[in-house]
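One structure is given here, and the rest of the page talks about it.
No value in this document is a laboratory result; all are computed from the given coordinates. The structure presented is a predicted model; accordingly, all values stated were derived computationally and were not measured. Cβ sites come from the backbone with ideal geometry, for glycine too, and all protein chains shown count toward neighbours.
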Amino acid sequence: MIFGLIGTLCISLQLIPQIYKSIKTKTAQNISYLFILIGSIGTLSWLIYGVLLIDYWIIFTNFIILINFSILFLIKINKNYDK
């Protein structure tokens, strides 16, 4: 149980440092759209799987990750739009 909780926290928070760095440096130029796309598709697939199983840990974890990928995508398109 404890390893599942630690894994959930780590996976859910994995994009926070990149989001922070992108906001701080005001650039997301080095972040690949393909990275965001593949990560989002994988996360959305896990989210759907969690909903089908009615597994709240899978739903919660992947919902948080999908929000993080969405934030990263918004930063990316906003920073590229200004250039």
Segment Ile67-Ile41, extension gain: residue separation times 0.36 nm, minus the distance between their alpha carbons: 8.1 nm
So what is the relative contact order of the chain, in percent, for Cα pairs below 8 Å that sit 6 or more residues apart? 43
Treat every Asp and Glu Cβ in the chain as -1 and every Lys and Arg Cβ as +1, leave all other atoms uncharged, and give the resulting dipole magnitude about the Cα centre to the nearest 20 debye. 460
In region 1-47, which trypsin sites (Lys or Arg not before Pro) fall in coil by DSSP and have 12 or fewer other Cβ atoms within 10 Å? Lys26
In terms of the charge dipole of the chain, which places +1 on Lys and Arg and -1 on Asp and Glu at the beta carbon, the residue among Phe69, Ser22, Ile54 farthest towards the positive end is Ser22
